[in-house]
1. Using mean Cβ contacts within 10 Å as the protection proxy, how do 44-54, 230-240 order, highest first?
2. For the chain, what proportion of DSSP beta bridges, expressed in % and rounded to the nearest 5, is antiparallel?
3. Rounded to the nearest 5, what % of the DSSP beta bridges within the range 120-259 are antiparallel ones?
4. What whole-number volume per residue, in cubic angstrom, does the convex hull of the C-alpha atoms of the chain give?
5. Run the reach check for K7 against aspartates and glutamates, Cα to Cα strictly under 18 Å, same-chain hits fewer than 8 apart removed. What comes back?
6. What ranking, highest mean first, results for peptides 78-89, 159-170 when packing means the other Cβ atoms within 10 Å averaged over each residue?
7. So how tilted is helix 163-175 from the main axis of the chain? Cα-based, degrees 0 to 90, rounded to 10.
8. Among T242, T186, T39, which one moves the most in a GNM of the chain with springs linking Cα atoms closer than 10 Å?
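Only the coordinates and a few stated rules stand behind these numbers; no lab work does. Because the structure is a prediction, the values reported are computed rather than measured. Backbone-built Cβ (ideal geometry, glycine too); neighbour counts: all protein chains shown.
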Amino acid sequence: MGEVYEKLQRCCESVRQKTDFVPKVALVLGSGLGDFAETIRVVCEISYGEIGEFPVSTVPGHAGKFIFGYVGDVPVACMKGRVHYYEGYPISDVVLPVRLLKLMGARILFLTNAAGGVNTSFQAGDLMMIKDHIAVFAPNPLVGPNMDELGPRFPDMSHVYDLTLQKLIRSTARENHIFLQEGIYTQLTGPSYESPAEIRMLRLLGCDAVGMSTVAEAIAANHMGMKICGISCISNLAAGMTANPLSHQEVQEAADMAAPAFKKLVTETVKKMEGIL
Ligand code: HPA
């Protein structure tokens, strides 16, 4: 057995010593969804720091813990905070939490993030459902010996973002009068924001939103056969699209402003997932 798999097993055992909760939906809460936990009937919380060897984020606003509980009748595991590749972790550590939640029982992965808008018709504060992604600018988490226990060597990537879940998000947005953009998300490594020339390049490639997370997690989850969906909160227009320089504080403030609609959309969508689990 490889090192990465053994570490995953040890982390899984460590969590299992603290809870026997079986989630069906795993949620990764990005910037702006930090207080999503308020909508959960919490059963148990585990700080990442309590799990031996678990990667712990260093980014302000990303302090990490698992929150296990119920949204409506749906058992969920929330990741409040994630680690990013730019913090210096190996990409296998970045995707470890998502793999762990799959091993605990989660079948659906709901990814969220704050992202820069690349599409010129987007505005700061928009929500964008992720329909597909561009992964080629960030390291692939499946590089290395394949973990046959988790999935195949060469996974198909034709439908990473599940079409049924996309329909569910779309109809939930409509019912709740929440304006929803749709598009392609690209992950870059960060931590520097992009240059205006890079944003023009990404637009030419068909990218609608850019960020520093999410795609690696989607690849690892797809490898394990999870059903995946994702929503980006467009916290700013990307570099060169406005006169303003980008700052982490601005990104967080804009994500916080969009938070009520974001929270509503995620909560109401998760409640309806019962029907497709
Ligand atoms: N670029 C990259 N990542 C981001 C941005 C951005 O403009 N906004 C929020 N996350």
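1. 230-240, 44-54
2. Working: 18 of 48 bridges.
Antiparallel bridges: around 40 percent, rounded to the nearest 5.
3. Restricted to the range 120-259, the bridges split so that about 20 percent are antiparallel.
4. 117 Å³
5. E50, E53, D93, D148, E149, E217
6. 78-89, 159-170
7. So the helix axis and the longest Cα principal axis differ by about 60 degrees.
8. It is T242.
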